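Below is one structure, written out as structure tokens; comments come after it.
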């Protein structure tokens, strides 16, 4: 069995932040979507007839495991889903464990965006590194406007006061779905998913290039496409898969290779 303790610590952790940018852009009969953060890079296009999804094209650009590109195929099972005003209504209609978590999230956001009147929506998510003696600020902006700003520590919100002690892991979906609505709810889920991934900044994951995914099978089996059979038996961790956008948010969605 492998745990996070197997990964060397990131020497830069504590001096930066996790960043993620999501861009959704609609035009007649389609929505283009792209996502980039510390650990991932994806693009997808959702085609629709005004009522349902008719086709999906996706690109897997930067990924943690060499099997992740195969997740483009199960994503096509979303074809036929109805267009709707709330991503959370679509989740029960999907088979999340058979998909890449982040590519699936991006596709569902694109489906939801097809119902908006604004053509372009850009989410910017940032989560400060957790320092021992202070909270970490987690924020999400939509087209430059601040939507949520949370002081967090150890998977819990400490501020604002009306959200104090609300959890950011198991139990988040239940309370957030009840507390928020509309675009605020979508932005809250976007921020929580970014917070979830931000913890990976604690570790120097690139030192484990080539490591079998199966080493983590006892705790990770079945959580997503690459951690499910038969992928988990053959998947290897990708080389040079991480980026640090702490001081270079302008590079997000450029999908640049390491020089």
TODO: Within 10 Å of each residue's Cβ, count the other Cβ atoms and sort 118, 87, 234 from fewest upward.
DONE: 118, 234, 87
TODO: With a point put 7 Å past each Cα toward its Cβ, work out how far residue 183 is from residue 30 in nm, to one decimal.
DONE: 2.5
Task: residue 164 paired with residue 219, simple spin-label distance in nm, labels 7 Å along Cα-to-beta-carbon - done: 3.2
Task: Potential lengthening between residue 255 and residue 122 on full extension [0.36 nm per residue; Cα-Cα distance subtracted] - done: 46.3 nm
Task: Per-residue [θ]222 nm for the chain (sum of -39500 (n - 2.57) over DSSP H runs n ≥ 4, rounded to 500) - done: -5500 deg cm²/dmol
TODO: Measure out, as a whole number of angstrom, how far apart the alpha-carbon centroids of the stretch 81-99 and the stretch 219-259 sit.
DONE: 23
Open item on the list: Give me the percent relative contact order of the chain, please, defined on Cα pairs under 8 angstrom at least 6 residues apart.
Closed with: 26
TODO: Enter the Cα centre distance for the pair the stretch 136-166 and the stretch 1-74, rounded to the nearest angstrom.
DONE: 23
- [ ] Determine, for each peptide in 154-160, 58-64, 242-248, 104-110, the mean count of other beta carbons within 10 angstrom over its residues, then list the peptides with the highest first.
- [x] 104-110, 58-64, 242-248, 154-160
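Every number here is computed from the coordinates shown, using simple stated rules; none is lab data. Keep in mind that this is a model prediction, so the values were computed, not measured. Virtual Cβ from ideal backbone geometry, glycine too; neighbours counted across all protein chains shown.
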